[in-house]
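Q: After the structure tokens below, expect a handful of questions from me.
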Amino acid sequence: MNIHEYQAKELLAKYGIGVPTGYPALTVEEAVEAAKKLPGPLYVVKAQIHAGGRGKGKFAELPADAKGGVRLAKSIEDVQADARDMLGNTLVTVQTGEAGKQVNRLYVTDGVDIAKEYYLSMVVDRASSRIAMIVSTEGGMDIEEVAHSTPEKITTITIDPATGFMPHHGRSVAFALKLSGDLAKAAQKLSKKLYEAFTALDCDMLEINPLVETAGGELLVLDTKMSFDSNALYRHPDVEAMRDETEEDPMEVEASKYDLAYIKLDGDIGCMVNGAGLAMTTMDIIKLNGSFPANFLDVGGGATTEKVTAAFKIILSDPAVKGILVNIFGGIMRCDTIAEGIVIAAKEVELDVPLVVRLEGTNVQQGKDILANSGLSIIPADDLGDAAKKIVAQVKEAA
């Protein structure tokens, strides 16, 4: 689960991490009131969307030379004008794709006198089963180019969760950032607090870009992104309450209500599979046969008829779907349960696209009998290769 910048800063502040003073705003009037609470004379108005690259982004409804989603304002009037520009308009960045995201929230913060920008992030390194702290002296909007062109300027420090954050990790961060004296000590303290926040909140990712050195010799988090392990949210109701469903795909939101692993893709063949590995294989074999999957959808190993019905409806709610491939291997999952869900959903939504079903495993014959006796035009398949060929052929023929 992702949250907005202002929410992430609220969380970090609870761990004693320095952030500029700022206030969220949903309207132009709230943005103006937020600015009035700040000392000025420099303000920063930031669009709040779940995507990076806001500073270099462009608003679809504004002239091409208009400023992006992060703006410096030198007066309350400038804050008001920037808020009017941003709210309700679509911000297109390198991470949103061409469709962009509508800006529904702003964050108005105090301006900071920046002496130097740095980069610091933390992720779970699944290859080493450790937490990786990634730091660079080259913070700012061009960090992706730094990673591509000069990777030697990026340092990765791994931390074993069995021992936790140790003093030498902090010294390594300060050394990588080329800091000395009081700033080096500040970097050591900051990195320790960030590690504590990362582990305590069950984060997947915590990115600070930029981490800035101010003219007064402080280290402040100027911008940050945080995402969390959704499986651990039950431990953090305060974090879960920060979820902004308007930033998520409506079908993915609906899928989450049924504990379905669903991700929308750009193809035209909907997929319903049990097991992430089998789902990936199913998508690969669809591509091998010349078409593209419309989604990743894993119903899991213990799905009920209700869950399967919901999954089927979610797939069919995507107007891009021209055909559906169901690929189930019934180990824990029973094939007759899958079949019942498919029949119920197909009848409720009045299925009008080709449907190919491959079942194998527990109660497979009962499942096949349910589909055969359903009165629906369901195309059976003997194996995955056969299923992929059939659904691709059906979709191409219908086109």
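The values are calculated or read from the model by the stated rules, or taken from the named source; none is laboratory data. These numbers were taken from a predicted model, which means no experiment stands behind them. Note: ideal-geometry Cβ built from the backbone for every residue, glycine included; neighbour counts use all protein chains shown.
Q: So how many residues does the stretch 196-221 have that are among the hydroxyl-bearing types (Ser, Thr, Tyr) and within 21 Å of the chain's Cα centre (by Cα)?
A: So the answer is 1.
Q: Sticking with this structure for a sec: Let me confirm something: among Asp382, Asp352, Asp318, Asp369, which residue is within 21 Å of Leu260 (Cβ to Cβ), in the same structural domain as Ile269 (by TED's automatic domain parsing) and acidic (Asp, Glu)?
A: Numbers: Asp382 fails: within 21 Å of Leu260 (Cβ to Cβ); Asp352 fails: within 21 Å of Leu260 (Cβ to Cβ); Asp369 fails: within 21 Å of Leu260 (Cβ to Cβ).
Of Asp382, Asp352, Asp318, Asp369, the one residue that is within 21 Å of Leu260 (Cβ to Cβ), in the same structural domain as Ile269 (by TED's automatic domain parsing) and acidic (Asp, Glu) is Asp318.
Q: Here is a further query. Considering Thr137, Thr224, Thr163, Thr150, which residue is over 25 Å from the mean Cα position of the chain (by Cα), among the β-branched types (Val, Ile, Thr) and buried (at least 16 other Cβ atoms within 10 Å of the Cβ)? Spell out the reasoning first.
A: Details: Thr224 fails: over 25 Å from the mean Cα position of the chain (by Cα); Thr163 fails: buried (at least 16 other Cβ atoms within 10 Å of the Cβ); Thr150 fails: buried (at least 16 other Cβ atoms within 10 Å of the Cβ).
Residue meeting the stated conditions: Thr137.
Q: Could you list, in sequence order, the residues of the stretch 73-91 that are closer than 11 Å to Leu62 by Cα and of a type in the set (A, V, I, L, M, F, W, C)?
A: If the condition is that a residue be closer than 11 Å to Leu62 by Cα and of a type in the set (A, V, I, L, M, F, W, C), then Met86, Leu91 are the ones that fit.
Q: For the stretch 116-129, what are the residues that are surrounded by fewer than 16 Cβ atoms within 10 Å (Cβ to Cβ) and either charged (D, E, K, R) or not assigned by TED's automatic domain parsing to the domain that holds Gly164 (or both)?
A: Asp125, Arg126
Q: On the basis of being farther than 22 Å from Glu213 by Cβ, β-branched (Val, Ile, Thr) and modelled with pLDDT under 95, does Thr163 make the cut?
A: Numbers: farther than 22 Å from Glu213 by Cβ: yes; β-branched (Val, Ile, Thr): yes; modelled with pLDDT under 95: yes.
So Thr163 fits the description; yes.
Q: Now, a different point. Output yes when any residue across the stretch 175-190 is touching a residue at least 40 places away in the same chain (Cβ under 8 Å), closer than 29 Å to Asp110 by Cα and surrounded by fewer than 16 Cβ atoms within 10 Å (Cβ to Cβ), and no when none is. Quick ask: steps written out before the conclusion?
A: Kept after step one, since they are touching a residue at least 40 places away in the same chain (Cβ under 8 Å), are these residues of the stretch 175-190: 176-178, 190.
The next check asks that each one be closer than 29 Å to Asp110 by Cα; those that pass are 176-178, 190.
If we keep only those that are surrounded by fewer than 16 Cβ atoms within 10 Å (Cβ to Cβ) as well, we get 178.
Looking through the stretch 175-190, at least one residue is touching a residue at least 40 places away in the same chain (Cβ under 8 Å), closer than 29 Å to Asp110 by Cα and surrounded by fewer than 16 Cβ atoms within 10 Å (Cβ to Cβ).
Q: Among the residues that make up the stretch 202-221, is at least one of them part of a helix (DSSP H, G or I) and either modelled with pLDDT of 95 or more or buried (at least 20 other Cβ atoms within 10 Å of the Cβ) (or both)?
A: Residues of the stretch 202-221 that are part of a helix (DSSP H, G or I), as a first pass: none.
No, the conditions are met nowhere in the stretch 202-221.
Q: Collect the residues in the stretch 1-58 that are touching a strand residue (DSSP E or B) at 6+ places or on another chain (Cβ under 7 Å), assigned to a loop (DSSP other than H, G, I, E, B) and either under 15 Å from Leu87 (Cβ atoms) or small (Gly, Ala, Ser) (or both), keeping them in residue-number order.
A: Gly18, Gln48, Ile49, Ala51, Gly52, Arg54, Gly55, Gly57
Q: Scan the stretch 188-206 for residues that are of a type in the set (Asp, Glu) and out of contact with any strand residue (DSSP E or B) (no Cβ under 7 Å at 6 or more places or on another chain) and jot them down.
A: The one that is of a type in the set (Asp, Glu) and out of contact with any strand residue (DSSP E or B) (no Cβ under 7 Å at 6 or more places or on another chain): Glu196.
Q: A follow-up question, please. Scan the stretch 319-333 and report the pairs whose first residue is within 10 Å of Ala294 (Cα to Cα) and whose second residue is charged (D, E, K, R) and at pLDDT 85 or above, with Cβ atoms within less than 6 Å and a gap of 6+ or a chain change.
A: The qualifying pairs are Ala320/Asp268; Lys322/Asp268.
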